[in-house]
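Following: one structure in structure tokens, then a few remarks.
Please treat every number below as a calculation from the coordinates, not as lab data. This is a predicted model, so every value here is computed, not measured. Positions of Cβ are backbone-derived with ideal geometry, glycine not excepted, and every protein chain shown enters the neighbour counts.
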Amino acid sequence: MVAQLTSGERRLAIVILVLVAMAGVAMAVAGRADPMGVHGLIVIVCCVGLIYVVLEAFYAPEPSPERLDRYYDDPIKVGIVLSMAWAVFGMFMGVWVAAQLAWPDLAFDAAWSSFGRLRPTHTSGVIFGFGGNGLIAASFHVVQRTSRARLAGQVSPWFVLLGYNLFCVLAVSGYLLGVTQSKEYAEAEWYADAWLVIVWVTYFVLYVATIARRKEPHIYVANWYFMAFILVVAILHIVNNLAVPVSWGHAKSYTIWPGVQDAMVQWWYGHNAVAFFLTAGFLGMLYYYLPVRAQRPIFSYRLSILSFWGITFFYMWAGSHHLHYTALPHWVQTLGMTFSVMLLVPSWASAGNALLTLNGAWHRVRDDATLRFMMAAAVFYGLSTFEGSFMAIRPVNSLSHYTDWTVGHVHAGALGWVALITFGSFYTLVPALWKRERMYSAALVEVHFWLAIAGTLIYAFAMWNSGIIQGLMWRTYTEEGALAYSFVDSLVAMYPYYIARAFGGLLFLLGTVVGCYNMWMTVRAAPLAAVRASDVPVVPAAVPGE
Amino acid sequence: MPEFFHRKIERSAIGFAIAIIAAASVGGIVEIAPLFTIDETVEQAADMRVYTPLELAGRNIYVREGCYACHSQMIRTLRDEVERYGPYSLAVESQYDRPMLWGSKRTGPDLARIGGKYSDFWHVAHLTNPRDVVPESNMPAYRWLARTALKVDDLPLHLAAQRALGVPYTEEMVENAVRDAYGQATPDTGFAAG
């Protein structure tokens, strides 16, 4: 892979790695009495490892200039591998923390393994590790194919991908060390956040520069979503993470937003991390891989426009529905509720557009588990956006908020929508990128599909039940007008559901492991495919839609 | 007609990016900016004070251990919550909270008004092993907290950072933060004389 870079580009890579390693040295020195020092060492180790990789091929022969006439697929391949590795890690952490709720002694009396520290390693591991790497890989693939142009940089795609993974490593290892802002889904501390800004700006520049090189007059709809994902996540990330560190040698910082304003900024961020990370980015996947796999054009171009701008505009108002009946002013809560309900229109427009695209290809959905992954993802997307709008209605929220219902809702979306569309896309991508005829085993894709569906349903039903029981127990009164149940009563009622939930998560994790094995064997053992026309940018690729 | 317009902006990467930023900015600006300008957002309350250095250090443990994942600190304006946990929370009560710790999930109960309800002895026993005092509890045991010394020497830096953000700590409070913390922790010693 390094051999595909020119000697000048190899030198540039070394320079960048040395600069980042020096930043690591500075962190290790300034933070020697603080967990930040450990992070400095992690940065140094990562950079030294990569320098070794580059140096190994440093004097390899120059690549042929024709490389620029081909698509740049190496970073995509590595992105998929990293994404699956994070999936196994993040989902394992999820099963572990789920089990801790039923058997609290599974923390083994250590600081790093208590629920509060492990829980963000699960959320960051799956959202940023698995989801983020999947999005970077898919966006690199989609933008090249739909623009019929090679990525607009040779070193920068590696910088984006590996720099992003450095952020993930700093975030997750930080939680284990007790380094956290305790801002949900934005727990990483200030220096990791600052690093992510650098990586993300590079990502945006690379993406727009690639689109600018396109041989197609129009920007394909999948790229609208990827652009919205990159841009809005940048805005959210920067605003929510503005903070003053205690000192340059402290990992700890204090956010600039106080109290009620912090709550609003946090949930404006939190809900739109769902919107632009977990929805817009993955809709970008859906709008490319589903029509490609179904071999049908997108059902409606107008519906795509409606849903894209609806999602981009409405979602940003919806965050305050996380703060119903709190000390946040009533008018903001009402706005959040109103826009959350309106969001159902663009959300169902997207889900409907995807499902109607399958008209004429339903026999493929029946026979091809990969396409069925994507179909099921669109169904779960439709279900969980309906559920989300419903839960944002104030009186419904009075019951659901603070309960496991929220957790069930999130996982119906995260497992049923985000993970399924990612697996469907990967099963399409892996044979294409490694130039194989097909996946190693269609039967194993089938096994993965049913494990994932069973896991998701068990999980969601367990949490719906526990959440609603919890919410009702908290508000049940005796005939004398006293609260009928103590908090502990409601906790005792949760135990069977916590066990069921851990089991559902375990099934889902097993499916992921099966997927990893299948992909590994595809790369190693599946028969090679003949070079296809769509493997080169200059030949018109199969572009869906329009 | 709208389709014609859209066909146009679809041809420009930068134009499309600007359109996304414009569409996505409105909601946040309308909902966040007025929270700083409308006076009623945070009520006036006479008896509000900043956290003492020791309280801040304790709050930072709560932050470090991710307690927000299971506990809220926000009693909603609902009858059953007020009867279970106490008067509903006001914005002014978290005006010095960075970050706010309102939470989003109650695997355990709300803690906004837990202060003073149980003795220190109870808390030590509970953190050592929650199941010793609440047999049904699924909270992790925090035995190692008792084995870990609290870092207090950098408390002045913590207070100074908060002060830079507008929390009304005085110069004197920042300077004496360490002594103050020792004094509050050990009220029967010379530190408390201060």
Which of these, B:L35, B:L165, B:L101, has the largest mean-square fluctuation under a Gaussian network model of chain B (Cα springs below 10 Å)? B:L35
log10 I(q)/I(0) for the stretch A:147-215, Debye formula on C-alpha points only (no solvent), q = 0.24 Å⁻¹, two decimals, reads -0.95
So, R0 is 45 Å and r is the distance between the beta-carbons of B:V92 and A:L68; what FRET efficiency does that work out to, to 0.05? 0.15
Longest exposed-site-free window of chain A, the sites being chymotrypsin sites (Phe, Trp or Tyr not before Pro) in a DSSP loop that have at most 16 other C-beta atoms within 10 Å: A:249-546
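Please label the shape of the stretch A:5-137 as rounded, prolate or oblate, based on the square roots a ≥ b ≥ c of the eigenvalues of the alpha-carbon gyration tensor (a/c under 1.5 means rounded; beyond that, a/b larger than b/c means prolate, else oblate).
Oblate shape, in that a/c is at least 1.5 and b/c is the bigger or equal ratio.
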Using alpha carbon centroids, what distance separates the stretch B:74-97 and the stretch A:433-450, in Å? 53
Long-range amide H contacts for A:A243: which residues qualify at under 5 Å (H placed 1.01 Å from N, peptide plane, sequence gap of 5 or more or a different chain)? A:I256
With +1 on the Cβ of every Lys and Arg and -1 on the Cβ of every Asp and Glu, and nothing else charged, how large is the dipole of the stretch A:247-388 about its Cα centre, in debye rounded to the nearest 20? 360
When chain B is treated as a GNM, springs tying every alpha-carbon pair under 10 Å, which of B:P135, B:P156, B:P168 comes out with the largest mean-square fluctuation? B:P135
Give me the percent of Cα-Cα pairs in the stretch A:254-332 that sit more than 16 Å apart, rounded to a whole number. 61
The distance between the Cα centres of the stretch A:342-380 and the stretch A:51-128, in whole Å, is 29
Full-stretch length increase - A:A23, A:W103 - with 0.36 nm per residue and alpha-carbon distance subtracted: 24.6 nm
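Taking only pairs that are 8 or more places apart or on different chains, how many Lys pairs in chain A have Cα atoms under 30 angstrom apart?
On the way: A:K77/A:K215; A:K77/A:K435; A:K183/A:K252; A:K215/A:K435.
Summing the qualifying lysine pairs gives 4.
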Quick one: which residues, 5+ away or cross-chain, put their amide H under 5 Å from the amide H of A:R436? H built at 1.01 Å from N. A:A529
How many nm separate the modelled label positions at B:E55 and A:I499, each set 7 Å beyond the Cα in the direction of the Cβ? 4.4
Using the alpha carbon gyration tensor of the stretch A:353-394, what are the three equivalent-ellipsoid semi-axes (square root of 5 times each eigenvalue), largest first, in whole Å? 27, 10, 5
Rh by Kirkwood over Cα pairs, then Stokes-Einstein D for chain A at 1.306 mPa s and 10 °C, µm²/s: 65
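Grab the alpha carbons of the stretch A:316-469, take their convex hull, and tell me the volume per residue in Å³.
About 117 Å³ per residue, rounded to a whole number.
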Can you give the charge dipole size of chain A about its Cα centre, rounded to the nearest 20 debye, using +1 on the beta carbon of Lys and Arg and -1 on the beta carbon of Asp and Glu? 1340
Pairwise FRET efficiency - A:W248 versus B:F191, Cβ, R0 = 41 Å, nearest 0.05: 0.85
Most positive-pole-ward Cα, A:L283, A:Q181, A:S300, against dipole of the stretch A:171-320 from beta carbon charges: A:S300
Förster-model FRET efficiency, 41 Å R0, A:S486 and B:I38, C-beta, rounded to 0.05: 0.60
Between A:E437 and A:C516, 0.36 nm times their residue separation minus their Cα-Cα distance comes to what? 26.6 nm
Label-point separation (nm) for A:F58 and A:E446, each offset 7 Å from Cα along Cα-to-Cβ? 5.3
Residue separation times 0.36 nm, minus the C-alpha to C-alpha distance between A:R302 and A:R11: what's the value? 100.0 nm
Across the stretch A:95-108, in residue order, what do the Karplus-derived ³J(HN,Hα) couplings come to in whole Hz, using 6.51 cos²θ - 1.76 cosθ + 1.60 with θ = phi - 60° and x for Gly and Pro? 5, 5, 5, 5, 5, 4, 5, 8, 10, x, 6, 5, 7, 6
B:T77 and B:L145 label points (each 7 Å along its Cα→Cβ direction) are spaced in nm at 3.3
How many angstrom lie between the Cα centre of the stretch A:194-252 and the Cα centre of the stretch A:162-181? 18
Please report the net charge: other residues with Cβ closer than 12 Å to the Cβ of A:A327, K and R +1, D and E -1. -4
